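Read the structure below first, then the notes.
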Amino acid sequence: MASISSDRGDELDYVRFLEQRIRELEAEISLLKRELRYYQTELEKVLQPPLIEAILLELLPDGRAIVKSSTGPNLVVHILDRIDKSKLMPGAYVALNQRGSTIVEVLPQREDPYVRAMEVIERPKVKYTDVGGLKNQIGELREVIELPLKYPELFREMGIEPPKGILLYGPPGCGKTLLAKAVAGESSATFIRLVASELAQKFIGEGARLVREVFALARRKAPAIVLIDEIDAIAAKRLDVGTSGEREIHRTLTQLLAELDGFDPLDNVKVIATTNRVDILDPAILRPGRFDRLIEIPLPDENGRYEIFKIHTRRMKLEKDVDLNKLAKLTRGATGADIKAICTEAGLHAIRSGRKVVTWRDFEYALAKVLKSRLRPYVNQTGYEWYAYSKKSRGIDPAM
Ligand code: ATP
């Protein structure tokens, strides 16, 4: 009897042991399955042909695109239907299938010198009415850019040649880029912006190649305005061209001058360059037929500042106590960009206070915030009015 019950006990133990073993094996199987799936996907990746990286240059009206492949040539390629077309901007990174015939993926944007150095806007929405002050400068640009772009035959009949290149110079933030965009907008031209300081950091041959490509693009997209920002980065007077970096910058400049020399003044491509340092430019670029029209974009005067305030408060609801004339008086020495910042700060202050209407107190806060940081070094020549005002309002003698 005793031996029967001990046999049963052994059997039960054995069954429990087997059940436990089954559970362990099942866990092991699921682990191995997971491992198998991992190796399968890894194997798929290994077996997949590589994709070719390219940069999108232009979308064609027939739904195809021109890309610059990383292997060298420009290609006309198809675009897979499932691709989100809104992401296909000029300068976007894309992946081509292995035959290089189709865009199969839009790659994440990343900081690439090629992309950073160039911006293309088909027809900028900016108008002359978005530019405050600068009436004479607008008049001059209309004459030398807008008119020849729109009516080249007028110039042909008169036998006169408009300038090919215009140089806008003056302190930063006073509207050089804005003005160039407005001319493009009003002339219904494509706006292509090149940042020269980015070109100056290129690998050997890249800067010059980019200049060549930008002008080729401008011709295809004509009428077009090419804006070369911070041209002093590639066109400063050279003492010597000793290092390879300097030689490279020189090569980029030479390419730019060759492009300028190569086109006709009545071609529908115009070039505008901007600089904060006209005094350090290489005279070669200022020769007739190159950037031979210089236009100064100075700090805005009181009337200019009033107009800039008007532009940037256009869409704001202002309390009656907000006096734009007074703001213009208090901001002597401020740039257009400063004024824009003041308006934004005032608006933000109103929002933070739970209001939709912007008051004079919001502007006082904004003036203090923006002008304090920007004008302190020049307080005696420029921001004096505001400092006197802010001291007076705090009961301090401004002369102190
Ligand atoms: P930088 O030399 O730094 O490139 P910039 O002279 O090209 O400066 P912008 O980039 O045109 O200056 O100006 C910066 C911003 O400041 C503009 O986008 C615009 O909002 C505002 N701004 C500057 N000047 C004016 C102006 N005259 N009228 C209206 N807004 C202006």
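Rule-based calculations on the coordinates, nothing more; no lab input. All of these numbers come straight from a predicted model, not from anything done at the bench.
Please give every one of the lysines within straight-line cross-link reach of residue 135, meaning a C-alpha to C-alpha distance under 16 Å, and leave out same-chain neighbours fewer than 8 residues apart.
Within the straight-line limit of under 16 Å, residue 135 reaches these lysines: 127, 176, 181, 310.
Could you give each residue of segment 309-320 its phi-based ³J(HN,Hα) in whole Hz, using Karplus coefficients 6.51, -1.76, 1.60 with θ = phi - 60°, and x for Gly or Pro?
3J(HN,Hα) across segment 309-320, in whole Hz: 4, 4, 5, 7, 9, 3, 9, 9, 8, 9, 5, 4.
Once amide H atoms are placed 1.01 Å from N in the peptide plane, what residues at a sequence separation of 5 or more from residue 96, or on another chain, have their amide H within under 5 Å of its amide H?
Close amide H contacts, sequence-distant or interchain: 52, 53, 54, 104.
How large is ³J(HN,Hα), in whole Hz, for each residue of segment 130-147 in order, when computed from phi with the Karplus curve 6.51 cos²θ - 1.76 cosθ + 1.60 and θ = phi - 60°, using x for Gly and Pro?
8, 9, x, x, 6, 4, 5, 5, 5, x, 5, 5, 4, 5, 8, 10, 5, 4
Pull up all non-local amide H partners of residue 318: gap of 5 or more, or a different chain, and H-to-H distance under 5 Å with H placed in the peptide plane.
358
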